[in-house]
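Every number in this text was worked out from the coordinates using simple rules, so none of it is lab data. Bear in mind that the values here come from a model prediction, so they are computed numbers and not experimental data. Cβ coordinates were reconstructed from backbone atoms using ideal geometry, including for glycine residues, and neighbour counts include every protein chain displayed.
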Ligand SMILES: [Cu+2]
């Protein structure tokens, strides 16, 4: 979605990327580590940060204390929604970043005081998704920049709120235990071991020079990325699951738990490129993985 939805659906470069995409056949064996333990340790320790998405608004907390958070999104609307955090520095507020988002229809061209800070992306209607991240003290814009049919992005229709993260002197909580490390760069995700069947916890780190996402979609039977690209959010979705990490600036880290069942998965990044504003998927940041 994102830029692709209100871009012409026949962008030649995007289709070239689709044709040249590598199809990886993941091994059928399940994860050898201890994903159950990993999930438990994450769940027990992190502070929940719950957002409810509607068409087109968020309900969620205005304040939390710095530390490890489990950011959860419950989509009660009829459209695809996500939670994108943007860290606001230099005393800036939501009202300062709003006109920039409005003008650029997304995250392209953000000033240095507005840094993408992750979040969870994206929840199909009726779904709950979550991600674990450390939130540093400061002020954040919480927005949804998924586009509508009319070319606007959801933030223009009211999907925005502010989050204040207050300093905390509480004892630090250990990082969740990860079973896979995923490193984001220009323009790919590098996996310490391939995605496999079963439960796993990904530790995702942006080691690149630009902000990146890591979106994971399980395609509906017979559907392709072309169908995902063309889906307007109305009618049956061409995917059965969508989760992932929203755009995060270089150096950012998040933990994503997956329970991978057999099917075809698309793993990609739609963050806008710093040079040409095209979604990174068009620069080759797209993997298709078949799980048997
Ligand atoms: Cu939305």
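Details
- Along principal axes, Cα extents of the range 168-292, largest first, whole Å: 49, 38, 27
- For the range 88-202: rounded, prolate or oblate by the Cα gyration tensor [a/c cutoff 1.5]: oblate
- If R0 is taken as 22 Å, the Cβ-Cβ distance between residue 192 and residue 290 corresponds to a FRET efficiency of 0.65.
- Linear extension gain, residue 127 paired with residue 171, 0.36 nm per residue minus alpha-carbon span: 12.5 nm
- Packing around the peptides 45-51, 144-150, 107-113, taken as the average count of other Cβ atoms within 10 Å per residue, puts them in this order, highest first: 144-150, 45-51, 107-113.
- Remark: relative contact order (the range 3-291) = 24 percent; criterion is Cα-Cα distance under 8 angstrom and separation of 6 or more residues.
- Over the range 3-291, the reciprocal of the mean inverse Cα-Cα separation, the Kirkwood hydrodynamic radius, stands at 19.0 Å.
- Pairwise FRET efficiency - residue 45 versus residue 113, Cβ, R0 = 35 Å, nearest 0.05: 0.65
- Fully extending the segment from residue 209 to residue 102, taken as 0.36 nm per residue of separation minus the present Cα-Cα distance, adds 36.1 nm.
- Computed extension length for residue 232-residue 63: 57.5 nm, one decimal, from 0.36 nm per residue of separation with the Cα-Cα distance subtracted.
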